[in-house]
Amino acid sequence: MTLPLTPAVNAYYNLPGIGTPRAGFNLGLIIGTSSVISTTTRVAEYASLAEMAAAGFSLSSPEYLAASRYFAATSKPTRLLVGRQGSGETPVAALTACRLANSEWYAAFIPGANDSESSAVAAYVESASPLTQYIFQSSTAAIKAGTAGNLFETLKASGYDRTQAIFSTDAYLGAAVLGYACGQVSGLANSAFTLKFKRLPGATAETLTSANVTSIQNNNGNVYVERMKGRPWYENGTNCSGAYFDEILYYDKLATDIQNAIADQLYQVDKLPQTDDGMAQLASVVSVPCEEGVNIGYLAPGQWNGEPVLELKTGDFLPKGYMVQFDSIDQQSQTDRDARKAPNIYVSVKGAGAIHSVTIAINVNR
């Protein structure tokens with residue numbers, strides 16, 4: 001009889017824990033009232049229009065028509081969530097329920113939402129969790145004319161960072177914008193995007209005067225217009241506060257990826273020492289999502305023009321496009337040390353920005 005080796009030689013292995021699933025920031029939600037999806041199920045995922053048709057959506061239903069614009073985007077999103085708004089339910093209530101049912105989607109579009117409903121949704125998404133953006137559209141005459149007190153002006157005054165307002169008579173233009181954004185968030189090198197100048201398949205340029213466009217854009221609204229014959233494009237990609245949709249998306253992604261990276265590190269090691277070495281490990285972990293930001297193209301080397309942050313001074317050059325620092329372990333209070341808290345970590349990043357306009361001087365010598 002052969003005896004086990006373990007008393008003399010004991011070999012074992014440790015498998016690392018499974019990392020936290022990452023939110024892709026590339027999945028959109030369209031909400032409708034069709035009974036194909038029950039209010040119990042609330043949200044269903046589709047990879048194509050064919051799947052939606054097979055599930056029972058009419059080809060003329062708002063959800064299907066919106067999805068046709070979403071999937072037609074030049075950047076080709078691969079997945080879409082469709083949510084259900086129940087009878088007598090407000091869009092805010094439906095959106096809240098969809099968020100509880102599925103936390104994976106990032107931005108939403110609700111076909112047919114009126115101005116009052118969109119205003120209420122805008123207020124909700126500003127503090128929704130997980131982080132969310134909302135795209136809506138309106139064709140109200142007051143918005144087109146820039147009349148004082150119009151919805152776009154009101155939302156601008158509210159400073160909403162997470163809602164993008166579009167003036168359009170095309171009921172599904174917002175779905176096309178959502179599709180482009182979701183398709184573009186691929187994680188590939190140099191895939192960072194801006195919404196301005198983008199062609200939206202299936203959409204027709206809005207008939208507007210220069211004064212109309214100026215009024216809309218002065219209130220941080222967006223339009224699909226033609227400035228060169230046969231080449232319509234979207235402009236400017238701004239949210240109600242004046243922040244850009246892509247900027248909010250990528251910094252939401254960075255913050256979420258850093259949070260998950262730290263959680264993974266704490267989960268996968270036996271112990272992270274409350275020492276300078278332990279903090280250096282955390283700083284190294286935080287650097288990984290920052291490097292990804294540089295690779296994608298929304299972070300880049302440049303001069304730091306913000307306020308000083310520890311050793312980083314105004315005017316310093318960030319050669320990596322980011323800098324990770326942390327407070328000294330030696331200066332940590334005994335209370336925080338006893339509570340096993342890490343010193344504060346400071347992540348300073350330099351956005352790559354985007355060129356949206358160009359001035360050219362043509363000098364002629366005769």
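Of the residues screened, Tyr106 is not one that is hydroxyl-bearing (Ser, Thr, Tyr) and closer than 16 Å to Ser241 by Cα.
Residue check: Ala53 meets all listed conditions (1) in contact with a Leu (Cβ under 8 Å, 6 or more places away or on another chain); (2) buried (at least 16 other Cβ atoms within 10 Å of the Cβ) but one, namely (2).
Count of region 198-247 residues, restricted to those that are closer than 22 Å to Tyr298 by Cβ, in contact (Cβ under 8 Å) with a residue 60 or more places away in the chain and in contact with an Asp or Glu (Cβ under 7 Å, 6 or more places away or on another chain), is 4. All of Ala157, Ala171, Ala205, Ala165 fail the test of being more than 25 Å from Glu247 (Cβ to Cβ), in the same structural domain as Glu63 (by TED's automatic domain parsing) and out of contact with any strand residue (DSSP E or B) (no Cβ under 6 Å at 6 or more places or on another chain), apart from Ala171. Of the residues making up region 84-107, those that are in a loop (DSSP other than H, G, I, E, B) and either surrounded by 22 or more Cβ atoms within 10 Å (Cβ to Cβ) or outside the structural domain of Gln133 (by TED's automatic domain parsing) (or both) are Gln85, Trp105, Tyr106.
Looking across region 100-130, the residues that are polar (S, T, N, Q) and farther than 18 Å from Ala142 by Cβ come down to Asn102, Ser103, Ser127, Ser129. Does any residue of region 309-317 turn out to be in a loop (DSSP other than H, G, I, E, B), surrounded by 12 or more Cβ atoms within 10 Å (Cβ to Cβ) and not assigned by TED's automatic domain parsing to the domain that holds Lys198? There is at least one residue in region 309-317 that is in a loop (DSSP other than H, G, I, E, B), surrounded by 12 or more Cβ atoms within 10 Å (Cβ to Cβ) and not assigned by TED's automatic domain parsing to the domain that holds Lys198.
Take the residues in region 335-366 that are of a type in the set (Val, Ile, Thr) and not in a loop (DSSP other than H, G, I, E, B), then tell me which one is farthest from Tyr234 (Cα to Cα).
Here is the first cut: in region 335-366, the ones of a type in the set (Val, Ile, Thr) are 335, 345, 347, 349, 355, 358-360, 362, 364.
Among the residues that remain, those that are also not in a loop (DSSP other than H, G, I, E, B) are: 335, 345, 347, 349.
On the way: Thr335: 54, Ile345: 39, Val347: 33, Val349: 28 Å.
Checking each candidate, the answer is Thr335.
Out of Glu153, Glu117, one residue alone is of a type outside the set (A, V, I, L, M), in contact with a Pro (Cβ under 8 Å, 6 or more places away or on another chain) and not in a strand (DSSP E or B). It is Glu117. Evaluate the following for Gln332: is it in a helix (DSSP H, G or I) and surrounded by 13 or more Cβ atoms within 10 Å (Cβ to Cβ)? Criteria not met by Gln332. The residues on offer are Phe167, Phe152, Phe197, Phe193, and the sole one that is hydrophobic (A, V, I, L, M, F, W, C), at pLDDT 95 or above and touching a His at 6+ places or on another chain (Cβ under 9 Å) is Phe197.
Selection of region 141-154 for residues being surrounded by fewer than 24 Cβ atoms within 10 Å (Cβ to Cβ) and either without any contact (Cβ under 8 Å) to a residue 12 or more places away in the chain or touching a strand residue (DSSP E or B) at 6+ places or on another chain (Cβ under 8 Å) (or both) yields Ala141, Ala142, Ile143, Lys144, Thr147, Ala148, Gly149, Leu151. Taking region 56-83 as the range and being surrounded by 15 or more Cβ atoms within 10 Å (Cβ to Cβ) and hydrophobic (A, V, I, L, M, F, W, C) as the test, the residues that pass are Phe57, Leu65, Ala66, Ala67, Phe71, Ala72, Ala73, Leu80, Leu81, Val82. In the set (1) crowded, with 23+ Cβ neighbours inside 10 Å; (2) touching a residue at least 40 places away in the same chain (Cβ under 8 Å); (3) within 21 Å of Phe25 (Cα to Cα); (4) not acidic (Asp, Glu), the condition left unmet by Tyr134 is number (2).
The values are calculated or read from the model by the stated rules, or taken from the named source; none is laboratory data. Bear in mind that the values here come from a model prediction, so they are computed numbers and not experimental data. FYI the Cβ positions are ideal-geometry reconstructions off the backbone, even for glycines, and counts take in every protein chain you see.
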